[in-house]
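Structure, as structure tokens:
The values are calculated or read from the model by the stated rules, or taken from the named source; none is laboratory data. All of these numbers come straight from a predicted model, not from anything done at the bench. All Cβ positions, even for glycine, are placed from backbone atoms using ideal geometry, and neighbour counts span all protein chains on display.
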Amino acid sequence: MKDERNESLPEQQENDTLAEKADIALAYLMKYQKQLIAAVALIILVAGGLIYLQQQNHVDEQKASELLGYASSRMDNGFYAVAIEGDSTFTGLKEISSRYRSTFSGQVAALMLGDCYLALEQTTEALEHYRSYKGNNRDLQAASLAGEALCLDRQQLTEDAAATLERASATAQNPALQAMYLSDAAGLYIKAGQGKKAGDMLTKASQEYSNYAGGTKARQMLQQLSATTPVKP
């Protein structure tokens, strides 16, 4: 007859091991329960804070967008100084860009400030605002570079302006903007006396962006350039 006690021994050892593990886990929880509770509380606080920030950013963006609409209407009508400073009836671009800088509309306001200063022929101030853009939106980054290029061109730094506009084309995410900036950069290189470089850029723009307005413009510019300077198509 088999010894049933021997057969049950491994099972008993396994149960003892599990019990020991449970005791160890329980002892760990008892010992560190305050730290664990604190850690969980911290996670909850952080998560709640992130949700609050997201909600707050959403509220801020809605408000900034609303204010931007009033300011941009003044800008569209040519009241650039009023659009910058605002008046008793609306908030100006300067305050919008400062107060809501973390929002998309606040960042757009900063670029529009540059446009207003440029329209008022205050090139130094315009350049400062274009260069101040720090957002992550690639098309807005490209727009700030394009604005910077306009300022540099007005300062008679045409070659630097062309290179900056070329960077704007490389930065933009929207292919229509890529095409427009590239063809405009080529125009500045022509102005700077670099016809060969301009021709290469126009050829690229006309081939890679044939379905966009910038590509069409590039083909027209290439034809005009070819009439005066032989360029390999």
**OP:** Answer yes or no: is there a residue in the range 143-163 that is modelled with pLDDT of 90 or more, among the hydroxyl-bearing types (Ser, Thr, Tyr), within 25 Å of LEU113 (Cβ to Cβ) and in contact with a Ser or Thr (Cβ under 7 Å, 6 or more places away or on another chain).
**Re:** no
Original post:
When the range 101-129 is examined, which residues are found to be in contact with an Asp or Glu (Cβ under 7 Å, 6 or more places away or on another chain), within 20 Å of TYR80 (Cα to Cα) and at pLDDT below 90?
Top reply: SER105
Original post:
Being more than 24 Å from the chain's Cα centre (by Cα), surrounded by fewer than 20 Cβ atoms within 10 Å (Cβ to Cβ), outside the structural domain of TYR117 (by TED's automatic domain parsing) and of a type in the set (D, E, K, R), is that true of even one residue in the range 212-219?
Top reply: yes
Original post:
Does the range 80-94 contain at least one residue that is modelled with pLDDT of 85 or more, under 21 Å from the mean Cα position of the chain (by Cα) and charged (D, E, K, R)?
Top reply: yes
